[in-house]
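Take a look at the structure set out below.
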Amino acid sequence: MYAGFYVSELYIMRLMGFDLVARKDNALLIVKVLTNIDSLSEDVANELKTLSFLLHGSPMLIGERDGSGPLEDNVVYYRFGIQAITFNTLKNHLLDGMSIKAYAAPGGTYVNLDEKKLRRLRQEQNISLGEFARFVRVSRRTARLYEEGMNARFEIALRIEKLLGSTITIPIDILGTKSTDRKDVVLPGREINSLKTFQREIFSLLEKVGYKIIPMERCPFEALSKDRDQILLTCAHRYSRKLFRKAQIVSSISRITEKHAVLFIDREIGKTNIEGTPIIMKSELKKIRDPEEVIDLIIERKIKRT
C-alpha cells in the first residue's frame, strides 16, 4: 500500500500498455510510466483509455521529460487526452496534500478559473470590469471572457488572486475520481481474427455464450469479456510453465480492479487455478450455455487454492 492506495504488481513486457493499477476507495488509476512522455504512441494511448473506460478507472502517465526538456513539478501535461505528471507531482499530492492547479498548453502554463466566484468577488468589492482589466493587465474583452469560463495563464491568475484577496483557481483532479469519457474511447481494439488460433477459438465460444469480446494487444490478458453485468480479465493460452508468472500478475490486477479474471487453457492440469487466477478448460467452455455459468465456475475455482 502506498499513500492509502493498493497497487498491483509490476509486469515488464515489451510495448506494454500500462505498468500498474492502483485503487483507493472509488479512485482506480491505470498507470503508464515513461521517461519521455512524447514516446507515448496514439495506439497505446487509445488502448489505455479504452481499458480505463471499461474498468471505470482513469489513465495516468508518469514521466520525467518531454521533447523540449524536463517536466515541471506540480504541472499537469496532456498527451492524447491523458494526464501526464512527474513522480514528484504525484508524491506532493498524495503525501503532502498539495493541490495541483497548473497545466501546460501551447503558449505557457494555465489554470482553471472559478468564473462564478471571480465575478461574485469582483462585484462584491465594487471593482469595475475596466479596473479589473487594468490591474491584471489584460483587455476588457479578455476580462469578460474570464468571467464566462475561459482559463487564464498562471501568472495572470496570481494577479487576479492578489486583487481579489482570495483563491479563484480550481484544482485539477489527478486521482481519477472522474472516469474516462466515452468520447475518448476507441472500440473494439484488436480484431479477433488477428489472434492466435487457440485464442480465436476461445473467444468465439465466449461470444456464443453471450459475451462481447474486446481484444487487448498490450495487456497481460488477451481480452476483456463483457456481458450485461460483468467484465472479465480474460487470458486464453495453451498450457505452459510460462503461464505462472502471467497468471500471478493478472490475479493481482483482478484484486485491484475488483474484476474477475479467468484463464482458459487447452487441457486438464490437476489444478483449479494458477497463482490465484481460476482455470477453465476449452472442453468445459464448450458445455457452458450462459455467462452465469462462467461466473459460477470462476468463483468456485478462485476459492479453491490448489
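The values are calculated or read from the model by the stated rules, or taken from the named source; none is laboratory data. Note that the structure is predicted; figures quoted are calculated from it, not measured. Note: ideal-geometry Cβ built from the backbone for every residue, glycine included; neighbour counts use all protein chains shown.
Quick notes
- Residue match in the range 33-50 (condition: crowded, with 21+ Cβ neighbours inside 10 Å, more than 21 Å from Phe154 (Cα to Cα), polar (S, T, N, Q) and not assigned by TED's automatic domain parsing to the domain that holds Asp229): yes
- Residue-level check: of (1) of a type in the set (Lys, Arg); (2) free of Cβ contacts under 8 Å to residues at least 40 places away in the same chain; (3) over 27 Å from Ala22 (Cα atoms), Arg65 misses just (3).
- Across the range 60-116, the qualifying residues are those that are farther than 21 Å from Asn36 by Cα and of a type in the set (D, E, K, R), and the one among them that is farthest from the chain's Cα centre (by Cα) is Lys116.
- Some residue of the range 98-120 being out of contact with any Cys (no Cβ under 6 Å at 6 or more places or on another chain), of a type in the set (Phe, Trp, Tyr) and surrounded by fewer than 17 Cβ atoms within 10 Å (Cβ to Cβ): no
- Residue pairs meeting the criteria (Cβ under 7 Å; at least 6 apart or on separate chains; first farther than 18 Å from Leu206 by Cβ, in the range 254-282; second aromatic (Phe, Trp, Tyr)): Ile256/Tyr6; Arg267/Tyr239; Ile269/Tyr239; Ile274/Phe244; Glu275/Phe244
- Restricting the range 235-254 to residues that are more than 17 Å from Arg267 (Cα to Cα) and among the hydrophobic types (A, V, I, L, M, F, W, C) leaves a set whose member that is modelled with the lowest pLDDT is Ile249.
- Scanning the range 133-162 for residues that are hydrophobic (A, V, I, L, M, F, W, C) and either in contact (Cβ under 8 Å) with a residue 60 or more places away in the chain or touching a strand residue (DSSP E or B) at 6+ places or on another chain (Cβ under 8 Å) (or both) yields Met150, Ala152, Phe154, Ala157, Ile160.
- Test: residue in the range 238-259 that is among the hydroxyl-bearing types (Ser, Thr, Tyr), outside any helix (DSSP H, G or I), closer than 20 Å to Val21 by Cβ and not assigned by TED's automatic domain parsing to the domain that holds Val31: no
One line per residue, one yes/no per condition, for (1) assigned to a loop (DSSP other than H, G, I, E, B); (2) at pLDDT below 90; (3) under 23 Å from Lys287 (Cα atoms):
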residue: Lys183; (1), (2), (3): no, yes, no
residue: Val186; (1), (2), (3): yes, yes, no
residue: Gly189; (1), (2), (3): yes, yes, no
residue: Ile202; (1), (2), (3): no, no, yes
residue: Glu207; (1), (2), (3): no, no, yes
residue: Arg218; (1), (2), (3): yes, yes, no
residue: Leu233; (1), (2), (3): no, no, yes
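- Complete set of residues in the range 87-104 that are assigned to a loop (DSSP other than H, G, I, E, B) and either within 10 Å of Val75 (Cα to Cα) or among the hydroxyl-bearing types (Ser, Thr, Tyr) (or both): Ser99, Ile100, Lys101
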